[in-house]
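The values are calculated or read from the model by the stated rules, or taken from the named source; none is laboratory data. Every value quoted in this text rests on a predicted model; they were computed, and no experiment measured them. Methodologically, a virtual Cβ is constructed for each residue, glycine included, from the backbone with ideal geometry; neighbour enumeration extends over all protein chains shown.
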Amino acid sequence: MKKPILRRTFLKGAGVTIFLPFLESMWPQIANAQAASLKRYAFLTFPNGTMPGTWNYNDVLSPLASVQNQVTVLNGVKNYNGDVGNGAHSTVTAGILTQARAKGVGFTTERLDYAIGAPQMSIDQVIADAVQTKGSLHSLVLKSPFEGGDFPALNLSSKYSGRISWRGNVAVEPMTRVKDVFAAIYGVSGASVDMNKIGPKKSILDGISASAQSLNNKLGAEDKIRLGAYLESIREVEKRLPAATMPLPPQPLSCPITGAPRDVAFHSYDLWTKAMMDLIILAFQCGRTNVSTFQFFIDGGIKATAPLHMDEIGLNDIIKAGGGEHEFSHKGDNTYRLINKWYVGRLKYMIDKMSKISDVNGATLLDNSMVFLGANFGNAREHGHTRPIGGILYLEDIPLILAGKGGGTIQSNGKVLNLAGASLASVHLTAARKMGANIQSFGRVGEINGFGQGDSATAVTQTIPNL
Amino acid sequence: MRYTIYLIVMGCLLFLYGNCAPVFQTSQLPTYINEQASLSSPLSPVQGSSASAKLCADPAIKMKPIYVGLKRLSRTEINNSINDLFGVDYKLGDKLPLDASVLGFDNNASALTVSFSFLNIVIDESEALLNQAFLNASSRSLILICQTADAACATQVINKFIKKAYHRKITTADTQALLSVYQIRRTAGDTHEAALKVVLRTAISSVEYLYFSVGANGATSSSNRNLSAHELASRLSFFLWGTIPDDELLNLADLGTLQNPEILKAQTLRMLKSSKALYLVNGFASKWLDLDLLNGRTTNLPIFPQFTSQIRTDMIDETKYFLQEVILNDKSPLDLVNANYTFLNDRLASFYGITRAPNTNFTKTDISMTERRGLLGQGSFLTVTSGLSETSVVKRGHMILDKFICASPPPVPDNLQIPESFASLVTAREHSNARLANSSCVGCHRMMDPYGFILEGFGPYGTVRNQMPDGSAVDNLTILPDGRRYTSPKELTQDLAKDENYKYCISKNLMTYALGKMLVSRDETCKAVNVGIQSVSSTSKFSELIFSIVNDVSFKMEGSK
């Protein structure tokens, strides 16, 4: 491990000049051709699904009634990658953006393994690889600070139900604090973080890294995996040490100046989710990243992690008495619809904000973006499926909606598309290509384990016409 | 009214299982127990039976250590130990991402992971912690034990600090590593104190502090090994106090005498007498019983306005005082289910309708003239297992099976189908009979429902009732699958106290907590069988159960994996 030391030696030297302005040649610039086609994609997901027949403007989608002309409702899409039974949360959530069925490989093992085929990158990462602008963040991966929803008996780690962005076997570690995201976007000075804090932090990382490395050699296989999460975290912290100042927004973007240190504690789920979404929007607006994922809440969350937003829709007492959001999903009644509606309201918030921001080509930020809102199950009560009379399981359609025009690549004019059994992998493939990722196939369409046909290693190549 | 319907449906939803095994073993335990256990081992013990006692008595099983592995400190353990290390009340743990809990406990080694957020927050927030500690005169003198602004003094500070902060014997390499951080910071221009702050932040961000049992002096975890004296001191201290060892324990570890069973026992008893042992009530017992759930229960509902927030707090206090009495004042572990005493203040006594010598404080109260016994007769248990307006025989039965018999049915299957005909049923008995007549419900409900019915004489807030809300008589007849029949809670709790399954179950729960590990395989569950047989009886004391765990191979050794 000699490389990081060399890099730090360099950084130590750079420390003295770090307050000086960057040379203009170091500013990221978007080439004209790139600016003309600058597109962003935000993936928002919520847990535990919806009930069949509720994903329409008269019901769960009612918060979007006034912005129908900015969205496309995608009905009939199936999430083929999940387990029936208690592994459902883990597999379906880990697979919502990878579209490959996860397999439990050990309760403590945080790496994702797959039922069949090669490790799969989630679609946000595929797109980010293709569209990253020079000097910007690769992608912004966010989640709530809860962990849980684990199923030890099934060898499924809590990471499966708490991570949606994956690079092969490894989860992209999400950020959970507003101030971390803020510093990632604005850099130390923009976030009013004292640059003097960065030097000590580097020394600490050096110190703990050295002792953890030497311990690693003494451990057995299982402990190595646990320590691996710690070592990985050290690397993640190093990687995200904020830059001294935010690189100027790539021209021709402009970026609102914001001064004071920004943090929103996790007391109000409403304010906290909005703060996180504000930062996604800022990052897009300032050209700091083009791709973001935000998992609002872990899937299958147990009573200990009843989400705080229940307070804000007047359900907290019931939740505490009866269990968590997950238990409401199994009930699938009007109360659960309120919870679904609350998540749909998050999308409304984003649409409203993004449609008021001017972006390249005289379009709004929303026009130049796609915003995905979806969940894993099309039948919250049965967690994905129904079993009509006769005992045959039927895989229900998932709730899915796209907002924004993706730089003119999708229509989003109030259409309600019926895609009649199309796979979610097809939707991802189609959107990725429109975003500019040059891929010919994505994910796999096996039948859900338990639906009779087993998994298929065949990648999906079919796109959705008329999106 | 809406609540009533909701709760009935909810009760069914939560606990009507589609695919439980429909057949019971003659030993009265449903087969799903073995099916679950067989996920890890095809030879899991049949709990409680003489066959399992004989099987678990096999010396090869008895002497086999358990792998627990690297265990990150939980958020509360971080709070407590930071307090001990710095002498300031700075809740670093509260700032960290929430820990996942397993079987209700938040100290499970395999669930306590470290993520970017976790480590980033430890490193960032430790700065404010150190600033606070250096400003506070008494904590400053605790840490800065020398006055010269040089490496020699830094070495002293480091050695004193990591001796307590690392959960093993420290080495010169440990000191050197931190000293080099000190020197790097000095070279970068930091003052002596600023550099020391960074050093101590490094120490509490290190794997040595954040993880328990990181190997003593180069020991590897690829083979079975005895815990070092320092590791044993740490494991014992986290078990009983939820924090790092005190000086007395560390001194014994330094002397190398802690492993001596006599000394280990004396220390265990000493620690249980310390006020720090209250943590065992909060960290173990409250979590075991889901007491936290009661905190969120709605009060002053029109349907039962007598349940006020004061009564809610009283109920939690009753259970805490009771647990304190059994665990720390060293009563028999059987008292948890069968005690004829509890702790009441005037308000709660009058809420329950129990007459006693007036006292506004909580006092030990004889309840032998009532139907209440042990935890099952306490408002906290009875309320947590009820809906807002009505009791739930399913929840109550489930909780008894889960917490006291360790025969918890599997979670709700996702393909749950509730027959439409259930909607028109009214009484709890009608609902139960319908479930028992339904092939996909009966497997689990045949066990759960009867255990719940025995408590029907207590309403949803734990008060005695002589009739049901609709005016009908209380129906608390309980017939277990093996034919045992009860018409009063006392009869059930008496039997429960004799039940080998209970002895196994309390031991298993306490061991799960002590080790921070689920006991799953045959060899692992055998440890709890053996401890239960050895140390739980009507004449045994709670400290015997605790010491029996502390003195077990599973506690004093670490298995390989």
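A few comments on the model shown:
Conditions (1) at negative phi; (2) within 14 Å of chain A (Cβ to nearest Cβ); (3) surrounded by fewer than 24 Cβ atoms within 10 Å (Cβ to Cβ), marked per residue:
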{"residue": "B:K163", "(1), (2), (3)": "yes, no, yes"}
{"residue": "B:V181", "(1), (2), (3)": "yes, yes, no"}
{"residue": "B:I184", "(1), (2), (3)": "yes, yes, yes"}
{"residue": "B:A233", "(1), (2), (3)": "yes, no, no"}
{"residue": "B:F238", "(1), (2), (3)": "yes, no, no"}
{"residue": "B:D246", "(1), (2), (3)": "yes, no, yes"}
{"residue": "B:L249", "(1), (2), (3)": "yes, no, yes"}
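- Residue count for region A:273-329, restricted to those that are in a helix (DSSP H, G or I) and modelled with pLDDT of 60 or more: 22
- Residues of region B:522-540 that are within 20 Å of the chain's Cα centre (by Cα) and assigned to a loop (DSSP other than H, G, I, E, B): B:V536 alone.
- Test result for B:A194, within 11 Å of another protein chain (Cβ to nearest Cβ), of a type outside the set (S, T, Y) and free of Cβ contacts under 8 Å to residues at least 24 places away in the same chain: yes
- Selection within region A:147-171 - charged (D, E, K, R) and either modelled with pLDDT of 60 or more or surrounded by fewer than 24 Cβ atoms within 10 Å (Cβ to Cβ) (or both): A:E147, A:K159, A:R163, A:R167
So that you can scan it fast, the table gives a plain yes or no per residue for (1) crowded, with 22+ Cβ neighbours inside 10 Å; (2) more than 21 Å from A:D278 (Cα to Cα):
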site: A:K356; (1), (2): no, no
site: A:N361; (1), (2): no, yes
site: A:A375; (1), (2): yes, yes
site: A:P399; (1), (2): yes, yes
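- Taken across region B:139-150, residues that are under 30 Å from A:K179 (Cα atoms) and either facing chain A (nearest Cβ under 10 Å) or not in a helix (DSSP H, G or I) (or both) do not occur at all.
- Of the residues making up region B:123-138, those that are within 13 Å of another protein chain (Cβ to nearest Cβ) and exposed (fewer than 14 other Cβ atoms within 10 Å of the Cβ) are B:A128, B:N131.
- Test result for A:T133, surrounded by 19 or more Cβ atoms within 10 Å (Cβ to Cβ), of a type in the set (S, T, Y) and either modelled with pLDDT under 90 or assigned to a loop (DSSP other than H, G, I, E, B) (or both): yes
- Just so you know, in region B:541-560 the residues that are modelled with pLDDT under 95 and assigned to a loop (DSSP other than H, G, I, E, B) include one that is surrounded by the most Cβ atoms within 10 Å (Cβ to Cβ), and it is B:G559.
- Scanning region A:36-69 for residues that are of a type outside the set (D, E, K, R), farther than 29 Å from A:T386 by Cα and in contact with a Ser or Thr (Cβ under 6 Å, 6 or more places away or on another chain) yields a total of 1.
- Selection of first residues in region A:405-418 that are closer than 8 Å to A:Q70 by Cα and of second residues that are outside any loop (DSSP other than H, G, I, E, B), restricted to Cβ pairs under 6 Å at least 6 apart or on distinct chains, gives the following pairs, ordered by first then second residue: A:S412/A:Q70; A:S412/A:V71; A:S412/A:T72; A:N413/A:N69; A:G414/A:Q68; A:G414/A:N69.
- Matching residues, region B:118-144, being without any contact (Cβ under 8 Å) to a residue 40 or more places away in the chain and more than 26 Å from the chain's Cα centre (by Cα): B:N120, B:I121, B:D124, B:E125, B:A128, B:L135, B:A137, B:R140, B:S141
- Answer residue from region B:100-122, given it is at the interface with another protein chain (Cβ under 7 Å from one of its Cβ atoms) and assigned to a loop (DSSP other than H, G, I, E, B) and is farthest from B:I204 (Cα to Cα) among those: B:S101
- Taken over region A:363-385, the residue count meeting the criterion of being among the hydrophobic types (A, V, I, L, M, F, W, C), under 19 Å from A:A422 (Cα atoms) and within 13 Å of chain B (Cβ to nearest Cβ) is 1.
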